[in-house]
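The values are calculated or read from the model by the stated rules, or taken from the named source; none is laboratory data. For clarity, every value in this text was computed on a predicted model and none was experimentally measured. Here the Cβ positions follow ideal geometry from the backbone for every residue, glycine too, while neighbour counts run over all protein chains shown. To get the accessible areas, we keep the full protein, side chains included, count just its heavy atoms, and leave off ligands, DNA and RNA. Shrake-Rupley method; radii C 1.70, N 1.55, O 1.52, S 1.80 Å.
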Amino acid sequence: MTKKKIFNTGDIALEKFNKLSIQVSLNGLSFCVLDTISNTITKSDRRIFERTQTPYELQDNLKNLLETHEIDRATFSEVIVVHSNGLFSFVPKPLFDEKELANYLKLNAKILANDHMAYDILENYDMVNVYVPFMNINNYVFELFGEFEYKHNGTVLVEALLNNSGNSKEPVCYTHVDGQQMSITIISQKKLLLHNSFTFTSKEDFIYYLLFTMEQLGLETETTKLKLFGSIEEDDEIFKLCYHYVKDITIFIPSVSAYPYPMADTTQDSIDFTVISAL
């Protein structure tokens with residue numbers, strides 16, 4: 001499987017200007033289609049699972065989602081798949097060795113002997129993200145569309161946040177919520193201090209992981225800026241609980257795109273941050 005951008009343009013003139021972005025995780029799915037001529041999102045959908053899926057159940061759900069929207073019969077100029085899971089590790093680029101992928105991962109995640117490992121290079125930030133993709137998903141997408149690009153969710157999140165972060169000397173804690181998955185990214189002066197991902201089932205789990213992470217970095221809950229984004233609002237119980245412990249807390253609206261949403265059934269809420277950031 002290659003990660004190079006080599007694509008079939010297809011016979012339909014307009015379709016060759018469409019890009020498809022898909023995010024897959026064991027907790028949910030999402031996708032969006034970008035029309036690069038009008039610079040608009042023309043289709044999107046997301047599904048949150050009530051329980052954690054197996055990789056093969058995930059593939060069945062993806063197949064159903066794409067067939068429902070007739071995405072499986074379309075042609076795209078570019079297809080990007082974003083893998084969201086906790087099997088990843090960021091490595092400083094000067095210390096990276098392609099032969100040591102398993103050693104980077106085994107310190108932070110439980111991996112199997114037959115796991116396929118991949119990595120993304122964050123060129124502008126001298127970092128490499130080593131991770132385990134869902135290979136059955138990659139194989140399925142390859143059967144549908146041919147060559148495509150894939151990345152890890154952490155790569156997309158970190159790059160987008162670093163690109164849009166200011167030069168504040170004080171660390172900022174960004175927490176992305178997607179169903180039962182939370183990703184914590186802490187940035188100071190456009191440098192990544194930490195990125196980690198957790199699965200939570202209750203608001204108590206959420207605040208535990210958040211406070212534990214802040215404690216590990218010595219961040220004061222009274223003064224550290226906490227920016228929550230994704231599937232969370234100010235009236236959510238999670239937000240209210242976080243405010244009880246962290247005083248400088250806001251809902252963060254990332255400025256990653258100026259795409260309008262022209263379709264009646266397509267709203268900003270239906271498009272995941274990482275799916276649109278991957279385009």
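For residues that are among the polar types (S, T, N, Q) and out of contact with any strand residue (DSSP E or B) (no Cβ under 8 Å at 6 or more places or on another chain), tally how many sit in segment 48-67.
Of the residues in segment 48-67, 4 are among the polar types (S, T, N, Q) and out of contact with any strand residue (DSSP E or B) (no Cβ under 8 Å at 6 or more places or on another chain).
Testing Asp45 on (1) open to solvent by 30 Å² or more (accessible area, probe 1.4 Å); (2) out of contact with any Ser or Thr (no Cβ under 7 Å at 6 or more places or on another chain); (3) not in a loop (DSSP other than H, G, I, E, B), one condition comes back false. Which one is that?
(2)
With the requirement that a residue be of a type in the set (Val, Ile, Thr) and outside any loop (DSSP other than H, G, I, E, B), what does segment 103-122 give you?
Ile121
From the residues in segment 48-75 that are in a loop (DSSP other than H, G, I, E, B) and more than 16 Å from Gln23 (Cα to Cα), which one is most open to solvent (accessible area, probe 1.4 Å)? Can you show your working first?
From segment 48-75, those in a loop (DSSP other than H, G, I, E, B) are 49-54, 69-70, 74-75; that's our starting set.
Filter once more, so that each one left must be more than 16 Å from Gln23 (Cα to Cα): 50-51, 70, 74-75.
Numbers: Glu50: 182, Arg51: 130, Glu70: 100, Ala74: 24, Thr75: 39 Å².
Of everything passing the filter in segment 48-75, Glu50 is most open to solvent (accessible area, probe 1.4 Å).
Test of understanding: among Glu204, Glu234, Glu220, which residue is out of contact with any Leu (no Cβ under 6 Å at 6 or more places or on another chain), more than 24 Å from Gly179 (Cα to Cα) and open to solvent by 70 Å² or more (accessible area, probe 1.4 Å)?
Glu220
Of everything in segment 2-32 that's modelled with pLDDT under 90 and under 15 Å from Val141 (Cα atoms), which residue is surrounded by the most Cβ atoms within 10 Å (Cβ to Cβ)?
Within segment 2-32, the match that is surrounded by the most Cβ atoms within 10 Å (Cβ to Cβ) is Phe7.
Among the residues in segment 158-170, are any touching a helix residue (DSSP H, G or I) at 6+ places or on another chain (Cβ under 7 Å), part of a loop (DSSP other than H, G, I, E, B) and surrounded by fewer than 16 Cβ atoms within 10 Å (Cβ to Cβ)? Working first, answer last.
Quick first cut of segment 158-170, residues touching a helix residue (DSSP H, G or I) at 6+ places or on another chain (Cβ under 7 Å) only: 160, 162.
From the residues that got through so far, the ones that are part of a loop (DSSP other than H, G, I, E, B) too are none.
Checked segment 158-170: no residue is touching a helix residue (DSSP H, G or I) at 6+ places or on another chain (Cβ under 7 Å), part of a loop (DSSP other than H, G, I, E, B) and surrounded by fewer than 16 Cβ atoms within 10 Å (Cβ to Cβ).
Look at Thr213 and say whether it is out of contact with any His (no Cβ under 8 Å at 6 or more places or on another chain), modelled with pLDDT under 95 and more than 30 Å from Val33 (Cα to Cα).
So Thr213 does not fit the description; no.
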